[in-house]
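*Asks:* Encoded as structure tokens, here's the structure I'll be asking about.
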Amino acid sequence: MAAAAHVSKVRSLYKRILVLHRFLPIDLRALGDQYVKDEFRRHKSASPEEVKGFMTEWQLYKDTLQTQVLESAGDQLRSVKFGANLSEGKLSDFQEEQIGQLYELMLESTKPNRQFDIQEDGK
């Protein structure tokens, strides 16, 4: 029973994040969707300790993104910035592989040329 509740919680968080990504610029949405899918897939067989940290961090991400989306809805005239800075303390908790992933994500998200050839719905 506890396993079913956990799966439901994970699935709900996963779906909510993907819904929030719909409000991102299309190239960031594609990048974010792929990253979320890969990370959730990668952690399917994680240890309970890893799962706890994983869920905590993704919940914080969801909460931050939800706040930014709601703020941007009322402020459509200015340029909206999504994301948050990582503290040095948070970065020091990362493993080498995570630092590498973060660096690759930063490079991909700041490229001047869009990697994805995606068109808005209805265009």
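The values are calculated or read from the model by the stated rules, or taken from the named source; none is laboratory data. For clarity, every value in this text was computed on a predicted model and none was experimentally measured. Here the Cβ is made from the backbone with ideal geometry for all residues, glycine too, and neighbour counts use every protein chain on show. For accessibility, only protein heavy atoms count, side chains too; no ligands or nucleic acids. Shrake-Rupley method; radii C 1.70, N 1.55, O 1.52, S 1.80 Å.
*Asks:* How do L102, L70, L18, L65 stack up against each other in accessible area, from largest to smallest, with a 1.4 angstrom probe?
*Replies:* Result, largest first: L70, L102, L18, L65.
*Asks:* To continue, here is another question. What's the Kirkwood radius of the range 1-110 in Å, using all Cα pairs?
*Replies:* 15.4 Å
*Asks:* Return a single number: how many Lys pairs in the chain, at a sequence separation of 8 or more or on separate chains, have alpha-carbon atoms below 22 angstrom apart.
*Replies:* Close lysine pairs found across the chain: 19.
*Asks:* Hey, another quick one. Per residue of the range 24-34, in order, report the coupling 6.51 cos²θ - 1.76 cosθ + 1.60 (Karplus, θ = phi - 60°) as ³J(HN,Hα) in whole Hz, putting x for Gly and Pro.
*Replies:* Whole-Hz 3J(HN,Hα) from phi for the range 24-34: 7, x, 4, 6, 5, 4, 4, 5, x, 4, 5.
*Asks:* Give the calculated FRET efficiency between R42 and L86 to the nearest 0.05, with a Förster radius of 22 Å applied to their Cβ-Cβ distance.
*Replies:* 0.65
*Asks:* Follow-up. Rounded to the nearest 10 Å², what accessible area does V51 show when all protein chains are kept and the probe is 1.4 Å?
*Replies:* Result for V51: roughly 30 Å² accessible.
*Asks:* Per the helix-only calculation at 222 nm, which mean residue ellipticity applies to the chain, given -39500 (n - 2.57) for every DSSP H run of n ≥ 4 and division by its residues, nearest 500 deg cm²/dmol?
*Replies:* -22000 deg cm²/dmol
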